[in-house]
Amino acid sequence: MEVPDTSESWKTKINTVAIGATQDEGGTRAGVVRVGGAGCIPGAAYEGDAGERPVVAVEVWDVAPDNWPAELTRHYGDALNDPGAWAQKGIEMGADLVCLKLTGTHPDAADRSAEEAATTVKAVLKAVDVPLIVWGCGVPEKDNKVLPACASAASGENCLLGSITEKNYRTLVAACLADGHKLISESPLDINIAKQVNILAQDSGFDLKDIVIFPTTGALGYGLEYVYSIMERGRIAGLSGDQLLQQPVISDVGAEAWRAKEARASDDDVPGLGPAERRGPLWEGITATNLLQAGGDIFIMRHPEAMKMFKEAVDEFMGVGSV
Amino acid sequence: MYIIGERINGMFNDVKGAILNKDGSVVHDLAKRQVAAGADALDVNVGPASSDAEGALMWLVEEIRKVSDAPLCIDTAKWSVMSSVIPKVPGARIINSSKADPEELEQYMGLAVENDAALVTLTIDKQGVPSDVDRRVEMGALILTTAEAAGLPADRLFIDTIILPVNVAPQQPLSVLSAMQQIQMLADPMPHLLLGLSNVSQNCNERSLLNRTYLAMAIACGLDSAIMDPLDTELVDAAITAEMMMGKSIYCDSFLTAERKRKQLSS
């Protein structure tokens with residue numbers, strides 16, 4: 001008996017989004033990072049084009065974090081006080097690009113000003129020549145001041161800026177249009193709202209092809225399976241022709257994994273769980289590897305060992321199922 | 001939902017007048033408005049408007065092509081007109097239609113295959129519209145096997161299970177739904193299931209309500225295409241909503257706008 005061909009055929013591809021601009025393109029980056037482009041579900045390259053290789057963005061803050069566990073800080077040392085040096089360290093660890101989180105602009109944190117944030121953006125752009133992601137503190141009023149200043153400071157560099165939400169999108173859309181950046185659209189683990197945010201951006205004149213979706217991330221043991229199913233459902237809808245879900249996906253893995261007590265706790269606190277130097281990076285690496293299979297395209301990460309583990313998984317994964 | 005706009009039909013007085021006076025602007029306007037409202041294809045039917053069916057049909061086609069590249073659903077019951085017109089129509093074509101009679105099916109499927117066209121087939125034979133479910137399903141099976149033998153792929157085959165006005169044949173709406181469900185069991189991959197929707201409400205009151213209610217019911221039973229009036233906004237809204245409820249798209253607050261934009265972008 002003939003074995004039936006059960007492979008699926010997909011109508012459309014996930015959009016390819018380029019981040020960064022070289023000198024020829026009006027920026028100062030050494031290269032451009034391309035994400036997305038998949039024409040099949042992850043790990044099923046026999047059904048279509050596997051698309052661009054998923055990438056790692058090292059998480060960098062504009063202020064030194066005061067609550068990172070020692071297992072993380074020991075790899076960065078003094079660089080945590082200098083976003084440029086921090087970004088350089090991350091690239092040395094193997095990251096493909098930098099994600100600068102403007103945590104220090106939060107009114108409850110250092111409440112740094114828009115001008116200070118813009119200066120930090122320029123410093124990081126100067127320190128490294130990879131493309132840049134710039135992420136606000138998540139307080140709408142503050143982001144609406146800070147992010148346009150950062151967009152303007154990085155004009156021409158084709159950064160990825162975020163994030164817009166259902167409630168707050170107009171200002172950032174306008175800033176990205178004006179200064180030529182890509183946009184992160186954020187939704188709270190809700191596929192309907194993910195679509196809605198994209199349609200709001202589109203209605204404001206933004207091209208759906210310049211958007212990356214942030215569907216919210218959850219770590220292993222803390223909602224990972226829920227995130228997985230949301231990402232999977234979105235990807236299947238995107239491949240089936242839904243233009244509002246045809247965007248590449250960004251996952252904020254490092255921040256979520258290192259919130260888990262299993263990753264953070266010192267050896268003295270949880271003697272039964274194995275050494276922190278192994279436990280922490282494993283928690284982050286496994287979270288990332290899982291979301292790779294759900295269709296993640298950009299992974300924001302923290303620990304060098306987790307990045308290494310993840311990149312090895314990507315090597316293997318990109319080969320799976322190709323013919 | 002694959003929507004075939006029904007408005008370019010000589011049965012309507014504006015189109016009849018346009019054909020008689022060779023007034024292209026009426027046709028341009030109807031073609032553009034139907035496509036803008038969500039029509040994927042346009043039905044072209046001279047109806048009783050002209051004694052020169054072929055000439056009038058080609059005139060309509062040429063006028064539409066001045067403003068739209070949408071697939072044209074060439075609607076005539078005369079084989080002589082159909083076989084002569086189809087090779088001359090530029091762009092994508094749908095042949096509308098063939099009855100489920102073995103010889104006629106072979107003839108029409110040959111025309112469709114030769115010209116890379118799609119074909120609408122009706123579950124009607126020489127005895128007319130069947131009154132029961134089984135006879136419709138039987139004809140559906142005949143259509144499917146003939147298409148396979150002729151090499152007409154499923155995505156270019158439409159099966160129209162024929163709906164009669166609800167005031168004339170009150171049992172028919174339910175029979176048609178049942179027939180659609182059973183025909184789906186027979187084929188993989190599925191051809192398109194089609195209805196000439198407006199017929200369900202011919203000479204009835206509350207036509208728009210009847211049309212959109214039946215459309216939603218039929219979509220739940222597998223209907224994926226209809227010859228209908230895309231200018232009836234509530235009808236198109238009902239189609240979008242029913243398809244979303246069937247899980248063919250994912251809800252978002254702007255789901256009506258989103259689906260209309262999707263159509264515009266992919267056309």
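The values are calculated or read from the model by the stated rules, or taken from the named source; none is laboratory data. Please read all numbers here as calculations on a predicted model, not as lab measurements. Cβ atoms come from the backbone with ideal geometry, glycine included; neighbour counts cover every protein chain shown. Heads up: the accessible areas ignore ligands, DNA and RNA and are worked out on the full protein's heavy atoms, side chains in. Shrake-Rupley method; radii C 1.70, N 1.55, O 1.52, S 1.80 Å.
So that you can scan it fast, the table gives a plain yes or no per residue for (1) in a helix (DSSP H, G or I); (2) hydrophobic (A, V, I, L, M, F, W, C); (3) within 14 Å of another protein chain (Cβ to nearest Cβ); (4) free of Cβ contacts under 8 Å to residues at least 60 places away in the same chain:
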residue: A:E225; (1), (2), (3), (4): yes, no, no, yes
residue: A:I236; (1), (2), (3), (4): yes, yes, yes, no
residue: A:R259; (1), (2), (3), (4): no, no, no, yes
residue: A:A263; (1), (2), (3), (4): yes, yes, no, no
residue: A:D269; (1), (2), (3), (4): no, no, no, yes
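Among the listed residues B:S225, B:S254, B:S249, identify the single one that is surrounded by 15 or more Cβ atoms within 10 Å (Cβ to Cβ), within 23 Å of A:L239 (Cβ to Cβ) and more than 14 Å from chain A (Cβ to nearest Cβ). Please lay out each step first, then the result.
On the way: B:S254 fails: more than 14 Å from chain A (Cβ to nearest Cβ); B:S249 fails: more than 14 Å from chain A (Cβ to nearest Cβ).
Answer to the selection: B:S225.
Applying the selection to segment A:162-221, what residues are acidic (D, E) and in contact with a strand residue (DSSP E or B) (Cβ under 6 Å, 6 or more places away or on another chain)? Working first, answer last.
Going residue by residue through segment A:162-221, those that are acidic (D, E) are A:166, A:179, A:186, A:190, A:203, A:207, A:210.
Answer for segment A:162-221, where residues must be acidic (D, E) and in contact with a strand residue (DSSP E or B) (Cβ under 6 Å, 6 or more places away or on another chain): A:E186, A:D210.
Output the residue which, of all residues in segment A:198-207 that are surrounded by 19 or more Cβ atoms within 10 Å (Cβ to Cβ) and in a helix (DSSP H, G or I), is nearest to the other protein chains (Cβ to nearest Cβ).
Just the residues of segment A:198-207 that are surrounded by 19 or more Cβ atoms within 10 Å (Cβ to Cβ), to begin with: A:198-202, A:206.
So of that shortlist, the ones also in a helix (DSSP H, G or I) come out as A:198-202.
Details: A:N198: 8, A:I199: 5, A:L200: 8, A:A201: 12, A:Q202: 7 Å.
Across segment A:198-207, the extreme among qualifying residues is A:I199.
If we keep just the residues of segment B:180-220 that are in contact with a Cys (Cβ under 9 Å, 6 or more places away or on another chain) and touching a residue at least 40 places away in the same chain (Cβ under 8 Å), which is most open to solvent (accessible area, probe 1.4 Å)? Let's see the steps before the verdict.
Taking segment B:180-220 first, the residues in contact with a Cys (Cβ under 9 Å, 6 or more places away or on another chain) are B:180-181, B:184, B:193, B:210.
Still in the list and also touching a residue at least 40 places away in the same chain (Cβ under 8 Å): B:180-181, B:210.
Working: B:M180: 0, B:Q181: 86, B:L210: 59 Å².
Of everything passing the filter in segment B:180-220, B:Q181 is most open to solvent (accessible area, probe 1.4 Å).
Do the conditions hold for B:L119, that is, is it assigned to a strand (DSSP E or B) and either under 27 Å from B:D40 (Cα atoms) or within 20 Å of the chain's Cα centre (by Cα) (or both)? Outline the logic, then answer.
Values: assigned to a strand (DSSP E or B): yes; either under 27 Å from B:D40 (Cα atoms) or within 20 Å of the chain's Cα centre (by Cα) (or both): yes.
Answer is yes for this residue.
Quick one: would you say A:L183 is hydrophobic (A, V, I, L, M, F, W, C) and touching a Cys at 6+ places or on another chain (Cβ under 7 Å)? Talk me through it step by step, then tell me what you get.
On the way: hydrophobic (A, V, I, L, M, F, W, C): yes; touching a Cys at 6+ places or on another chain (Cβ under 7 Å): yes.
Against the criterion (hydrophobic (A, V, I, L, M, F, W, C) and touching a Cys at 6+ places or on another chain (Cβ under 7 Å)), A:L183 qualifies.
Look through segment A:209-223, keep the residues that are more than 13 Å from chain B (Cβ to nearest Cβ), touching a residue at least 40 places away in the same chain (Cβ under 8 Å) and out of contact with any Cys (no Cβ under 9 Å at 6 or more places or on another chain), and return whichever of them is nearest to A:I193 (Cα to Cα).
A:F214
Read through the list (1) in contact with a helix residue (DSSP H, G or I) (Cβ under 7 Å, 6 or more places away or on another chain); (2) buried (at least 24 other Cβ atoms within 10 Å of the Cβ); (3) not small (G, A, S), then give the number of the only condition that A:L273 fails.
A:L273 satisfies every listed condition except (2).
What tally of residues in segment B:63-80 results from selecting those that are open to solvent by 10 Å² or more (accessible area, probe 1.4 Å) and under 18 Å from B:K99 (Cβ atoms)?
Qualifying residue count for the region: 6.
Kindly indicate whether A:A306 is buried (at least 17 other Cβ atoms within 10 Å of the Cβ) and part of a helix (DSSP H, G or I).
Working: buried (at least 17 other Cβ atoms within 10 Å of the Cβ): yes; part of a helix (DSSP H, G or I): yes.
Here the answer is yes, as A:A306 does meet what is asked.
What helices (runs of 4 or more DSSP H), lying completely within segment B:1-111, carry at least 2 residues that are touching a residue at least 60 places away in the same chain (Cβ under 8 Å)?
Details: elements: B:13-21, B:24-36, B:53-65, B:79-85.
Of the helices (runs of 4 or more DSSP H) lying wholly inside segment B:1-111, those with at least 2 residues that are touching a residue at least 60 places away in the same chain (Cβ under 8 Å) span B:24-36.
Step by step: first the residues of segment A:238-257, then only those that are in a helix (DSSP H, G or I) and away from chain B (no Cβ under 14 Å), then the one that is nearest to A:K209 (Cα to Cα). Which residue is that?
At the first step, the residues of segment A:238-257 found to be in a helix (DSSP H, G or I) are A:238-239, A:243-245, A:253-257.
Subset that is away from chain B (no Cβ under 14 Å): A:253-257.
Numbers: A:V253: 24, A:G254: 26, A:A255: 27, A:E256: 27, A:A257: 29 Å.
In this case the residue turns out to be A:V253.
Name every residue in segment B:228-246 that is under 22 Å from B:P191 (Cβ atoms), among the hydrophobic types (A, V, I, L, M, F, W, C) and within 14 Å of chain A (Cβ to nearest Cβ), in order of residue number.
B:M246
Determine whether segment A:185-197 contains at least one residue that is away from chain B (no Cβ under 14 Å) and crowded, with 19+ Cβ neighbours inside 10 Å.
yes
Could you tell me whether A:D252 is surrounded by 15 or more Cβ atoms within 10 Å (Cβ to Cβ) and farther than 21 Å from A:A45 by Cα? Break it down stepwise before answering.
Details: surrounded by 15 or more Cβ atoms within 10 Å (Cβ to Cβ): yes; farther than 21 Å from A:A45 by Cα: yes.
Judged against the criteria, A:D252 is a match.
Please find, among A:G162, A:G156, the residue that is part of a strand (DSSP E or B), of a type in the set (G, A, S), away from chain B (no Cβ under 14 Å) and touching a Ser or Thr at 6+ places or on another chain (Cβ under 9 Å).
Sole residue among the options that is part of a strand (DSSP E or B), of a type in the set (G, A, S), away from chain B (no Cβ under 14 Å) and touching a Ser or Thr at 6+ places or on another chain (Cβ under 9 Å): A:G162.
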